[in-house]
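Inspection log for the structure reproduced underneath, given as C-alpha cells.
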Amino acid sequence: MDIQHSRNKFYFGDNPEQPDGELSYIPDEDNVLIVDSVVVNKDLRGQGLGDVLLDTAADYARENNMRLVGKCPFVAKRFNEFPDKYDDVIYKG
C-alpha cells in the first residue's frame, strides 16, 4: 500500500482530492497533530486500512518528535486498545 502525505493528511488512492482512504489532522503550535478524521471507502473497510493510516501517522510523529491527539473516535479507540503500540506518540499534556 502506497500511503501519501500531503498538507494535513495521509491518504491512499489515485486521486488526492477523493482518496480511497484518508487520515486528516490539524497541526498545533506544540508539535501536536490532532487527528480529527479517519475515513476509508466503504468497499475497502474491514481490511485494516484505517490502522495502516494510523500507523503511518504514528511513524511520522515519531520521526519528527511530535505527538498525536485522537479526536476522532477510531483513533481514540485504537489508543485505548493498544496503549503499548502508541504510548510514545500519545499527547499527554
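Please check the chain for the longest run free of GluC sites (Glu not before Pro) that are loop-located per DSSP (anything but H, G, I, E, B) and have at most 14 other Cβ atoms within 10 Å. Present the calculation step by step, with values, prior to reporting the outcome.
Details: sites that count: Glu17, Glu29.
Here the longest run is 30-93.
For the chain, what does the accessible surface come to per residue with a 1.4 Å probe? Please give it in Å². Mind dumping the intermediate values first?
Details: 5750 Å² over 93 residues.
Accessible area per residue, the chain: 62 Å².
By DSSP, what percent of the beta bridges with both residues in the chain are antiparallel, rounded to the nearest 5?
On the way: 14 of 19 bridges.
Roughly 75 percent of the DSSP beta bridges within the chain come out antiparallel.
Using a 1.4 Å probe over the heavy atoms of the protein chains, calculate the carbon and sulfur portion of the accessible area of region 1-71 as a whole percent. Mind dumping the intermediate values first?
Details: 1670 of 4230 Å².
In region 1-71, the share of accessible area belonging to carbon and sulfur is 40 percent.
Sum up the charges of everything whose Cβ sits under 11 Å from the Cβ of Ala58, counting Lys and Arg as +1 and Asp and Glu as -1, but leave Ala58 out. Walk me through the numbers on the way to the answer.
Details: positive: Arg62, Arg67, Arg78, Lys85; negative: Asp51, Asp55, Asp59, Glu63, Asp87, Asp88.
Surrounding charge for Ala58 is -2.
Simple spin-label model, 7 Å along Cα-to-Cβ: Asp84 to Val32 in nm?
It works out to 2.7 nm between the two label points.
Would you compute, from DSSP H runs of 4+ residues alone, the mean residue ellipticity of the chain at 222 nm, taking -39500 (n - 2.57) per run and dividing by the full residue count, rounded to the nearest 500? Each step should come with its number before you reach the end.
Numbers: 3 runs with 28 residues, N = 93.
-8500 deg cm²/dmol, from helical runs alone.
What is the Å³ per residue value for the convex hull set by the Cα atoms of region 19-93? Spell out each step's value before the answer.
Working: hull volume 6.5 nm³, N = 75.
Considering the Cα atoms of region 19-93, their hull volume per residue is 86 Å³.
Taking the Cα centre as origin and putting +1 on Lys and Arg beta-carbons and -1 on Asp and Glu beta-carbons, what dipole magnitude results for the chain, to the nearest 20 debye? Don't jump to the answer; show the numbers that get you there.
Details: 11 positive and 18 negative charges, 58 e Å.
Magnitude of the dipole: close to 280 debye.
Report the residues of region 41-70 in range of a label on Asp14: point 7 Å along Cα→C-beta, backbone N strictly under 20 Å from it.
41-45
Counting other Cβ atoms within 10 Å, keep those with at most 14, restrict to DSSP loop, and tell me which trypsin sites (Lys or Arg not before Pro) in region 7-59 are left.
On the way: sites: Arg7, Lys9, Lys42, Arg45; in loops: Arg7, Arg45.
Sites meeting the loop and neighbour criteria: Arg7, Arg45.
Over the chain, with a Gaussian network built from C-alpha contacts below 10 Å, which listed residue (Asn15, Asn41, Asn80) shows the highest mean-square fluctuation?
Asn15
The values are calculated or read from the model by the stated rules, or taken from the named source; none is laboratory data. Being a predicted model, the structure only gives us computed values, none of them experimental. All Cβ positions, glycine included, derive from the backbone under ideal geometry; neighbour counts span all protein chains shown. Heavy atoms of the whole protein, side chains included, go into the accessibility calculation; ligands, DNA and RNA do not. Shrake-Rupley method; radii C 1.70, N 1.55, O 1.52, S 1.80 Å.
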